[in-house]
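Please treat every number below as a calculation from the coordinates, not as lab data. What you see is a predicted model; the values in this text were computed from it and never measured. All Cβ positions, glycine included, derive from the backbone under ideal geometry; neighbour counts span all protein chains shown.
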Amino acid sequence: MHHPPICMTIAGSDPGGGAGLQADLTTFTRLGVHGATAVTAITVQDTRNVIDFDVLPARRIAQQIEVTLADLPVSAIKIGMLGSAENVTAVADILARHPHIPVVLDPVMVAGGGGALATEAVVDLTRERLLPLATVITPNTPEAARLSRHEDPARWGETLRALGARNVLITGGHALSEAEARQNPQPPIVNELYREDGHMRRFELPRLPFSFHGSGCTLAAAIAAFLARGRDLEPAVIEAQGFMTDAIASGYAPGKGQHVPNRLCPQ
Ligand code: PXL
């Protein structure tokens, strides 16, 4: 029987529905892709900040992924919060056995409101084990600095590619200095795609004067959805950025804190 393309997200839960696997599933659905999930962590947070979280045991996460991959023809995998070093290892071991499935890795370190979602050990193992398995990684600028261990932003992209990520999309949504933030209108968001052919392509997206929760998850999930629909990497990135621009432009604050991208936006 015919069915939509299938994406799997390996991610943590955000009860407010703004980020994490809830963001991934709404993005998949909006983009016409069936969403499968492996839950890695249960966070307790509101639209302002993370209050607490529990991480599931690595064995339970591995089971969710393995049972699903044995049953469903998953066309792309998106990875978000993994929560523990053991989980990074377990996920890397499984991905290494499925080299034909494209992987979009969002190296989640902090929540939109600033709360830590990854330990130093998680960052180190992500660097060593997951980067070499990723079709594309989507770090924001603080994540790119931490993963590459480079102070010079001009070196982040190529360093991350040298560590094994096939393509690197460094997102500039977090990059405003205080002086830039005072400018009116605000400077655009600049994303840089370091491609596997060694070339870099720069994209400018409009910036809105709000702090967003779930934008990194949404972009990475949209790239995975377009890959599952059969796009090559660069067209998938371009279409995902177009979707993000619409979602951000019609974003809203569902609670008392940050805005979320409007993933229900018409396309
Ligand atoms: O956007 C990063 C992120 C990923 N995963 C979970 C989150 C967040 C941000 O808040 O809550 C579960």
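Things to note:
- Using only side-chain charges placed at the Cβ, +1 for Lys and Arg and -1 for Asp and Glu, the dipole size of the range 132-267 relative to its Cα centre rounds to 280 debye.
- Vicinal HN-Hα couplings computed from phi for the range 38-53 (Karplus, 6.51 cos²θ - 1.76 cosθ + 1.60; Hz; Gly/Pro x): 10, 7, 9, 7, 10, 8, 10, 7, 10, 7, 9, 6, 7, 9, 6, 7
- Nonlocal amide H pairs with T47, under 5 Å, H built at 1.01 Å: K256, G257
- Order of E151, E196 under a 10 Å beta carbon neighbour criterion, fewest first: E151, E196
- Distant-in-sequence amide H partners of A38 (H built 1.01 Å from N, under 5 Å): T9, I10, A11
- Note, ³J(HN,Hα) from phi for the range 60-77, Karplus 6.51, -1.76, 1.60, rounded to Hz, x at Gly and Pro: 5, 5, 4, 4, 4, 5, 5, 5, 5, 5, 6, 9, 9, x, 6, 8, 7, 10
- Subtracting the Cα-Cα distance of A253 and H2 from their residue separation scaled by 0.36 nm leaves 86.6 nm.
- Cβ-derived FRET efficiency at R0 30 Å, D71 paired with A145, nearest 0.05: 0.15
- Inter-label distance for A116 and A96, nm, one decimal - labels placed 7 Å from Cα along Cα-to-Cβ: 2.8 nm
- Ranking of D106, D54, D197 by count of other Cβ atoms within 10 Å, fewest first: D197, D54, D106
- Estimated at 0.36 nm per residue, the fully extended path between D246 and V39 surpasses their Cα-Cα distance by 71.7 nm.
- For the chain, a simple Cβ point-charge model (Lys and Arg +1, Asp and Glu -1, everything else neutral) yields a dipole of about 300 debye relative to the Cα centre.
- Farthest towards the positive end of the charge dipole of the chain, among the residues L160, I137, L25, is the Cα of L25, using unit charges on the Cβ of Lys, Arg, Asp and Glu.
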